[in-house]
Every structure is written in C-alpha cells, then in structure tokens.
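Below: one structure, written as structure tokens.
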Amino acid sequence: MTALLTVADMQVTIGPVTPLDGIGFTLDRGEILGLVGESGSGKSLTAMAIMGLLPLSGGRVSAGSIRFDGTELTSLGEDAYRQLRGKRIAFISQNPMTALDPLQTIGAQVDVIGTLHFGKSRAEARRRTLEVLTQLRIPEAAAICASYPHQLSGGMKQRIVIAMALAGEPDLIIADEPTTALDVTVQAQIIHLLAELVRERGMALLLITHDMGVVAQCCDRVAVLYAGRLAEAAAIDPLFAAPAHPYTQALIACIPRDDTRKGTLAGIPGTVPAVSAYPPGCRYHPRCPQAQDICRTTVPDSRPRPSGVVACHFPGPTNG
Amino acid sequence: MSIATSTRHHGVAWRDVAVLRALRTPKGALAGGWIILVVLAAVFAPLLTPYAYDLQSLKEAYQPPSAAHWLGTDEFGRDLLTRLLYGGRTSLSVSGIAIGVSVFVGMVLGAAAGYFGKRFDQMIMVAVDLTWSFPEILVALMLVAIIGPGITGTLVAIGVAYLAQFTRLTRAQIMAIKSETYVEAARSLGASHARVLTGHLLPNALAPVLVSGMLATGDAIILEATLGFFGLGAQPPTPSWGAMMSSGTALLFKAPWIIIFPGLAVAITVVAINIYGDALIRALDIRTRLRAA
Amino acid sequence: MIGYAVRRLLMLVPVFLAVSVVIFLILHLIPGDPIDNLIRIGSSPAQREIIAQRYGLDRSLPEQYFIWLGNVLRGDLGTAIVGQRPVSTMILQALPYSLALGGAALLFSASLGILLGVIAAWKRDGWADQLIMGGVLLGSTMPTFWLGLLMILLFSVHLGWFPVSGARNWQSLVLPVLTIGLAGTALVARVTRVAMIEAQQRDFVMLLHAKGLPRWRIHLGHVLRHALTAVVTILALRIGWILGGAVTVEVVFARPGLGTLLIKALNQHDYPVVQASLLMLAMAVMLGTLLGDLIQAALDPRVRTAMS
C-alpha cells in the first residue's frame, strides 16, 4: 500500500533561484512526521509546495512529484487544488496572532469551512463550529464565536486555528511551527492536543519545527532539511539512537537536557547560507567538522539506511 | 539645497551620487532634465526673449501662436512666451523660497519637539496638528485674509501651509534615532544638546525632510498658481503662472492659449518634480522613513 | 457606537475654539482700525457706533472674542459690507450648493478611486496598473482650476454637452464634480492600491488561501475590507482636501457656494463674509474628518474596542 503523502525528488524555483531541491519523504495516516532544520532550511517552503500555494510568493514546483492519496498534486488544476485545501489538507500557521482576520468574528472564520467545503447552511455550519470548539475543550464556545481575534489570548487563537483545520475533517494537517509564537507553558499543551487528535482520528500530521525536543516527544519519523536539501530521514528511535548525518548529530546535541548546566547550551557555529550563496558540493560542508575534499566538490547522493535515507559522504555508524 | 550632507553615518560613497543616481532611469532623467530646463529658462529669461514682459502693443493683442510670438499674445498684446518665462521666475522663486524657509523652520521646530519632548513637544504638536488637519488651500486663504493679497502674503501662506508636514516628519525622524546607541554614546561622552542635534540627529533626518520638501515644492507651485488664479497672488503687471491664468479666464473663449500654456507649464513641471522625487526616494531608499509622519 | 460618536464630537470642541480664535483675530491682525474693516467707507458716526456696540469694540480683546463667539453661536454672523445683507443669509444660501458639490465629488472620487485602486492592485505591475497609476500621477499634479477651464473648453465650448457655468440643473454639476473628482479619484486610487498590496501580504491572507477560499472571495471579502479601513483613515484626513478643491472649482465654474463667497469677499475686503465663510469651511473639514472616523469605527472592531 502506498503512503498518504509521498514527496519525491521535489525541486522548487522562485524566479532565478532554486531554494529547494531533492526533497523526498513519505507520511501515512495516523503518523506524525517531524520536518526539522534551522530557519532558512526550507521547511515552510516545503509546506507551501504541498499546499500548492507557491504561486503566492512567485514560485513553483519545477521538478519531482507530490502524490497525495493517489493524486499527483504538481499537475493539479487550481480549482481542484482549492477544493483540497482546507478540506482534505489543512494548514496551521506559525503565528496565531496574525493568522486570523482581525475584522471578522471567530465564528464566521470557522463557519466558512462548513459552508465552502460541505455546502452547509450558515446555521448548520455554526452548529458544526460549536461542536468542534467543544471537542477542543474550548469553554464558552458560543461567546468565543461572537468575539473578534483581538479579544482572545494567543493560545486561544491557536486553538481556533486548529479548530479551523479540524472542521474540514482533513486527512493531512500541515502545522508550521504551531507553537513558536506562544508562551512556553501553552506550547506543550498545544502540541499534545495536536498529537492526541491525530492519533484519535487517524489523520496524518506534518509537523514543522526547529525544536528536536518536540520531535523526540511526539513524532514517529523525522526528515531533516539543510539549506534546501534533505539531509536525513528516518524513524524516530534509530535517528536519535544513531544519527547518521553530522547536521542531525549537531541538532540533537543542541537539545537541552536536565543535566545540562546553565550557560552550557550548545549551538552550531555559523548560519544556514542564503539561497543565493549555496556552496558547491555538500551544502553543510562549511560548518561540518568532518568535511573532506569530496564534500566540497560533490553533492552527496541519498543512500538508504535501515529505517530511512541519509545524504552524506561520511555518514555516522548505524547501530544494527 | 542638496542631499549631500545627509548621510554622515551611512558612509561617504552614495551620498554624493544619490541626486545623480536618480537620473539614471529614463523617467528620472527626463524629469530631472525638464526641471533643470525650467529653472535655467527662468534664470536666463531676459537673454532668451527679445520682448519685455510688460511691453504692451494693443494692435498685436489676441494673436494666436505664430513665428513672431511662439505662444501668442494676450489682451494687451504682450508676448506670452516672455511672460511665461518671467512668470516662471515668480512662481518658482516664490514656491522655492517659501518651501525652503518652511523646511528650515519645520526642522528646527520638529527637532526641538522630538529631542526635548515633554511640554515643549506637546505645545508645538498641538499647533502643528491643528494646521495639519486643514487643507493647505484653506490655511493659505486664512493667512492671505490676514496679510492681504500679493507676493508677501503668498510666501507666508505657502510657508505656513506646509510647515506642519516638515515639523512632523523631522520630529518622527529624530524620535526614531534619538535612542540609538551612537547618540546615547555621544551624550554620555559629554557632547552638548546642540552638538548632538546638529552633529548626529539632524544629518540623519535631513534626507527624508529635504526630499519631502522637494515634493512639496511641486504642490506649492500649484498652490501659488491657485492663489494667483484667485487674484490673491502676484499683482499686475508682475507675471506669474497663476496670475497669467487669472487674467486669461475671462478670455477663455476668445484666446484659450493664454490659459493653456501657463497651465501646461505648471502641470508638466509638477509631474516632473513628482517623478524625479520618486526616483530620488528610490535612490536614497527612504520610502518607509517618509511614511513615518 | 453612539457613545463613540459623541466622544469624537466633543474632541472637536477645542479644535473649533482654536480655529475660531484665529478667524476672530483676522480682523485685528489686518492693518487699520477693526471698525473700518467692518463697515462701509463713509458711514455715519451713528452707524459706526452701532457696529462698535455690537462687536464690543471698546472692551478688551478676550471680551470681544467671547462677544463675537456668542454672536456666531446664536447664528448672528454680522452684516456684509458689500450689499449690506446679513451674512448668515448669504451663508445659508451658499451652503446647499457647496454641500451638493462636495458630497457628489466625494462620492465620485471614493467609488471610482477604490475601483481603480483595486484593479491596479489585482493586476499589479501589469499594463492596467501602469495605465491607472500614470493617470493618477497626472490627475494629482494638474492644477484643479486649470483642469476645470480645460473641461469647459472641451465639453462646453467645443462639444456643447454641459453648461459653461452656473448651478441651475444637474448638468451644471457634472463638470465641477469631474474636475474635483479627478484629483480626488487619483488620491483614493493611489491609497487603495498601496493598502490592497499591503493587506495582501498579511499573514491571515495566506491562511485564507490555505482554507481553500477562492481568490476573488479573499480579495473582495477580506483584503479589500482591510484596505478600506486604511483608505478611510487617510480619506478622513483628506476629506478637507477634496472640499478645498470645491472652493477652487466653484470660482472656475462661477457656481454659487462658500468658495465663491470667500474668494469674492477676500478680493473685496469684506471681512465679516471672509470670517463667516472660513469658519463654515473649517467646520465642514472637521465634520468630514469626524465622518471618516465613524466609518472607520464601523469597519474595524479593534477601533470600537479601543474606544469603549
């Protein structure tokens, strides 16, 4: 059986630049895939590509394929694509503070999923909205529906955005750093809420994050991006037990542990290069402690690993 | 007036060329070229035309454009091209001087308000916001009512009408950079208020204020022409673009060219100032800073 | 909402007082004895005495101001020097003409300007955008009175479609409205275009796309509404400019109205009329600004919350 979502060898171009290429991973129902990497590694762009929203920023998928439940998305017409969005593929954006239209009531913003995608009347859509809000354990759902975004807290707004995503009863949810803009205490709540919903309903979740801690807690599998290329993809346990790519190793080393003393938080020296300044060879080589001559000249191929793939000339050892 | 001294803190290289760099696009070059042409024509008016601006010749009145009188003649038989060139002197110098003084006063007020803050700021801003909420033409008419028609009235009216704009803009610039580290460093090193203002704050605020002053000069030319058209600007026989059209209104059907050419001069000059100003804004990259007010 | 309107109205009181002080002072700042500026040359001492009494000219300046303000608030705006008619009657006769012109021009500029701005933003950088923005530049840089004169030449003299001047029927309103409207439309179109483009880049618009809404619904139902709040804010500040254009246009088309009244009085040194018409125009600007604020509050729930 094929997976719900299969991205293969995807390349994205925006004008003259190619910010993403050779991206591939799969995601199945009931599964949570973590898409990780530092800012600028191309995580959000990958999400936009799957959502078919690249044209908004003047980009397009220029090679490779995105298959969703048997349908090739890269060649899908805009109208058909639009009917998938919000219904079968839902999106949760990064900053709940700016994600909602400040001029419209909360209720109206959730209702539209029902009226648009399920042909419901306004009253039916509102009933469904209240149902979803209640399922999300949002108190006083009716009052919330009548209020405007600026009257709600950040955590509540993010719950509303999640409610909008759930209202379409999607097969796939893409969540782009859904908690980075929130207070630390609320972050954990939101992530757990999402994970729980996905498991209960057998949906698939593509969770974009730069936080390996979050990944370790709730993902089944991970895809690591670096500078627009896939560095490594694997199931969660083997990946944390024996990260093969030096970049993955560095990311894992950055996770603060209980025994980490204050002031010794690790970081990776340097920054992700800009799209216009991608180095030749392996794009990680300027920051890689193990870089050899070949890394500076030749792009590493993705090679299979026991539970995934890695793109490195000198991958770390596997534990079995 | 030049933008040359405006950018002490952004390096020397581009400050000398921003005014010229704006000329590099075809639009900017065309617009800048027209402005230079109009200014030169006004300055050298006496050399460019064989007629005197007040030379009357009633038997030559109401002549349409011809080889002898390129733009025709008016009701007194005066050569319109001559009057247009001399009128440019009045219109451009009145607008330019009024805006120049207004920019200077506005910078002093705005800098003082932005730098010292508190009561002083409140006092200035109450007065400024009051004029800001009324259209320039209304402010100008109020002042003309007090001072009386003529060049002096026009100068003051234009100067005051645009004062609020420059004060607000300078204040916003000063407020934005006042708390930056290099300013605080200068203060803590013992520099006086005057030194900090003239040495650090004003140079940085200069570029946006001067550019908006240039754009306002375009509006001021229209305002001058409008006051002139109402008969409240330069008084006869002194020609100005507005005054020429004022006297031409009654002759609209008999000799439309009396109206058309001064109006064209105003319109093209103002369009040119706007296009060049836009190119300058782009060259200096100060669009967001101009919006601060 | 009504509470908000009342509060905004009260905020205008100090502005009105400040403006009235300036307008009152006109009489004392112009050279010469104020009484000479209030009365016809060659009036008898008895007539001078009546005027001096009425304006309290023997009292201190602040007292004179309050006497004047009291008269104004009771609707007594004095007597015109030229023609000796009560100024309040003249104002009341002129007002409907100016209101009709200003209102029609505002409506015209707002509707056409918003339409053009939306088209320009929708087809950003395309030929329609460039054409509209070119027209906007021309429209905002042509002297209003000159444009009016050209319109008369073209439409009245050559084509004979509309009357040259006056205010007898609706046809006589067309050219004046077009004349003011062009500059107004240019302003509104430019502001709308920028506001639309800025609103399109807001985060929530991306989420609307992600929800599967059609592009036209996003643009007309959300982006435009956002842009409108920005447009209304700027329009509220600029309503005065459109009304200011009415002053010029009335003179060009020889229409009765406040502008004609003011310019004629300025040229004739008829100061009671100058004061009254300036005051009325200033009030029109203030009320226009207030109207803009109220529309903005109706469009934007955040403004309502901030105010209550």
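Read the figures in this text as sums done on the coordinates, not as results from a lab. Keep in mind the model is a prediction, meaning the values are calculated, not measured. Positions of Cβ are backbone-derived with ideal geometry, glycine not excepted, and every protein chain shown enters the neighbour counts.
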Hey, if you put +1 on the Cβ of every Lys and Arg and -1 on every Asp and Glu Cβ in the protein assembly as shown, which of C:282, A:249, B:34 ends up farthest toward the positive end of that dipole?
C:282
Signed unit charges on C-beta, dipole axis of chain C, positive-most listed residue C:78, C:126, C:247:
C:126
Can you give the longest run of chain B that contains no trypsin sites (Lys or Arg not before Pro) sitting in a DSSP loop with at most 13 other Cβ atoms inside 10 Å?
B:25-253
Antiparallel DSSP beta bridges within segment A:5-226, as percent of all bridges there, nearest 5:
45 percent
Scan of chain C for chymotrypsin sites (Phe, Trp or Tyr not before Pro) in DSSP loops with at most 12 other beta-carbon atoms within 10 Å gives a longest site-free stretch of C:1-160
With a 28 Å threshold on alpha-carbon distance, the violating pairs from C:123/C:211; A:43/C:123; B:27/B:178 are A:43/C:123; B:27/B:178
Total charge dipole magnitude, segment A:5-226, about the Cα centre, Cβ charges on Lys, Arg, Asp, Glu only, Debye to nearest 20
540 debye
Cα pair count fraction exceeding 18 Å, expressed as % - segment C:102-246
60 percent
Using the reciprocal of the averaged 1/r over all distinct C-alpha pairs, how large is the Kirkwood radius of the protein assembly as shown in Å?
32.4 Å
Of A:142, A:118, A:195, which is farthest on the positive side of the dipole of segment A:111-198, counting Cα position, with +1 on Lys and Arg Cβ, -1 on Asp and Glu Cβ, and the Cα centre as origin?
A:142
Set of aspartates and glutamates near residue B:254 by C-alpha distance (under 18 Å), chain-local residues within fewer than 8 positions excluded:
B:60, B:74, B:75, B:79
In chain A, once you exclude exposed trypsin sites (Lys or Arg not before Pro) (DSSP loop, at most 13 other Cβ within 10 angstrom), what's the longest stretch remaining?
A:1-136
What is the average number of partner chain Cβ atoms found within 10 Å of a Cβ in B:230-243?
2
Which whole-number percent is the relative contact order of segment B:207-293 (Cα, under 8 Å, 6+ apart)?
34 percent
Helix-only mean residue ellipticity at 222 nm, chain C, DSSP H runs n ≥ 4 weighted -39,500 (n - 2.57), per residue, nearest 500. What is it?
-25000 deg cm²/dmol
Percent of beta bridges antiparallel (DSSP, the protein assembly as shown, rounded to nearest 5):
60 percent
The answer for GluC sites (Glu not before Pro) in segment B:152-233 that fall in a DSSP coil and have at most 15 neighbouring Cβ atoms within 10 Å is B:180
